[in-house]
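A short worksheet on the structure shown next.
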Amino acid sequence: MSRYVFRMPDLGEGTVEAEIVAWHVKVGDLVKEDQLMAEIMTDKAAVEVPAPVTGRVLSLTGAPGEMVKVGSDLIVFETDASTGAAAPSAAELPESAAAPAAPATLAAPTPKAAAPVATPTAAASRGNGHGARALAPSPAASGRVMASPATRRRAREAGIDLAQVAGTGPSGRITREDLAAAMTGRDPGAAPSARGAAPATRRTGTEEIKVIGLRRVIAQRMSEAKRNIPHFAYVEEVDVTELEALRRHLNGRRPEGAPSLTYLPFLVAALVRALRQFPQCNASYDAERNVLVRHNAVHAGIATQTPDGLKVPVVRHVEARGLWDLAAEMRRVSEAARTNKATREELSGSTITVTSLGKLGGIVSTPIINAPELAIIGVNKAVERPVVVGGAVAVRLMMNLSSSFDHRFVDGFDAAAMIQVLKEMLEHPATIFIPE
């Protein structure tokens with residue numbers, strides 16, 4: 001019998017430890033080379049860890065949510081194991097794997113509720129298990145669960161493991177009806193019960209969800225940003241009637257294969273011009289050196305909601321892109337973030353961030369600055385409102401910009417002045433494209 005010890009890899013950039021997000025193997029499993037073993041995460045990247053060899057798992061180090069130092073033993077293999085070999089007994093396993101309290105006693109790999117490079121699954125802790133009777137075994141339990149991001153989000157909120165839900169859609173895809181059936185405990189093919197037929201019942205118990213992976217990083221960064229940065233919030237309304245007319249016109253003539261234009265490409269293009277007048281807003285603060293770094297290039301962070309939480313993919317060198325190129329790149333990096341295909345480079349290095357809730361944009365928001373940046377521009381919902389134009393009441397399409405600035409380094413006057421420049425360009429969109 002020979003053993004192979006795989007140690008926590010060095011992911012670079014000064015990483016000294018990494019978090020175990022999910023195990024996809026357990027002690028006694030026979031794994032093949034390149035098979036997915038685990039998902040780990042640092043503060044900078046989420047990484048899938050494939051098996052380096054073919055063999056049987058003898059021990060694992062760290063439960064989901066625990067930190068393991070770089071260079072420490074992560075997983076131990078018996079490399080001469082064969083497919084037909086029996087799983088080792090507790091007596092044959094090393095003490096760390098046989099001990100009941102050791103991390104190696106994971107009962108099973110955490111089912112994936114999202115695509116691989118992601119991080120935490122809400123199935124990390126199931127609490128008292130209410131609703132378990134509503135779930136049915138599914139062939140997808142041994143592979144990747146097929147479901148839309150919206151279905152995954154609803155399942156996480158309801159505490160339901162999608163790997164245990166039988167999908168009735170194409171190729172076993174889990175539909176909204178399948179999830180609803182699992183939540184109510186009925187057969188997905190059965191007709192819904194008559195309204196009012198079942199009396200309301202009281203629900204008791206709680207559910208504990210371990211904060212790990214991406215959610216842990218989000219919580220940590222949000223807390224640090226609010227604790228360390230004095231936010232100056234500024235809200236201004238913008239008449240986007242002319243911008244909407246231009247957007248519709250361009251969409252009607254867009255090149256083949258080009259994405260439909262939203263307001264964001266126009267906003268980012270206008271932001272590039274505004275930042276030339278206010279370079280202090282296109283900067284970052286190096287707290288360790290106590291230095292402000294002003295950037296000549298504009299790398300726009302696009303706050304993107306994903307099934308795993310908020311991510312900020314980056315569109316680099318916005319100042320060198322045309323409108324259609326900008327729109328296509330924004331769509332590409334956002335989709336990469338949602339499907340967990342974004343690289344580490346695509347999720348870091350922004351100099352200013354833009355955030356939008358789309359149709360849920362509301363009237364006003366107070367976005368949190370994406371440290372170490374100094375500013376974030378928020379887009380609210382565009383709605384038709386009666387406004388006074390030239391002494392007469394007219395219906396105009398109005399939208400608010402809700403922005404936050406680091407008040408340590410950006411004065412309130414400068415912040416307001418920059419938004420006013422942005423407002424003027426958005427209300428007269430031709431000025432976005434006129435050479436200076």
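Structure data summary
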quantity: Neighbourhood charge, 15 Å Cβ-Cβ cut-off, centred on residue 72 and excluding it, Lys, Arg +1 and Asp, Glu -1; calculated: -3
quantity: Estimated FRET transfer efficiency (residue 392, residue 436; beta-carbon r; R0 35 Å; 0.05); calculated: 0.55
quantity: Heavy-atom accessible area order for 70, 272, largest first, 1.4 Å probe; calculated: 70, 272
quantity: Gain in span if fully extended, residue 344 to residue 244, counting 0.36 nm per residue against the direct Cα distance; calculated: 32.5 nm
quantity: Above-threshold pairs, the threshold being 23 Å between Cα atoms, out of 26/341; 26/210; 226/311; calculated: 26/341
quantity: Accessible solvent surface per residue of region 363-436, calculated while the other protein chains remain in place, 1.4 angstrom probe, Å²; calculated: 48
quantity: Ratio Rg/Rh [Cα only; Rh per Kirkwood] for region 352-436; calculated: 1.02
quantity: Difference of contour (0.36 nm per residue) and Cα-Cα distance, residue 427 to residue 80; calculated: 117.9 nm
quantity: Solvent-accessible surface (1.4 angstrom probe) belonging to residue 405, in square angstrom, nearest 10; calculated: 0
quantity: Heavy atoms of residue 5 accessible to a 1.4 Å probe, total area in Å² rounded to 10; calculated: 50
quantity: Value in Å of the Kirkwood radius, where region 251-319 supplies the Cα pairs that are averaged; calculated: 14.4
quantity: Protein-only accessible surface order, largest first, of 325, 308, 10 at 1.4 Å; calculated: 10, 325, 308
quantity: Radius ratio Rg over Rh of region 196-314, counting only Cα atoms, Kirkwood formula for Rh; calculated: 1.12
quantity: Accessible carbon and sulfur surface of region 346-403 relative to its total accessible area, %, 1.4 Å; calculated: 62
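The values are calculated or read from the model by the stated rules, or taken from the named source; none is laboratory data. The model shown is predicted, which means the values in this text are computed figures rather than measured ones. Heads up, the Cβs are rebuilt from the backbone with ideal geometry, glycines too, and the neighbour counts pull from every protein chain shown. We work out accessible area using only protein heavy atoms, side chains counted, and drop any ligands, DNA or RNA first. Shrake-Rupley method; radii C 1.70, N 1.55, O 1.52, S 1.80 Å.
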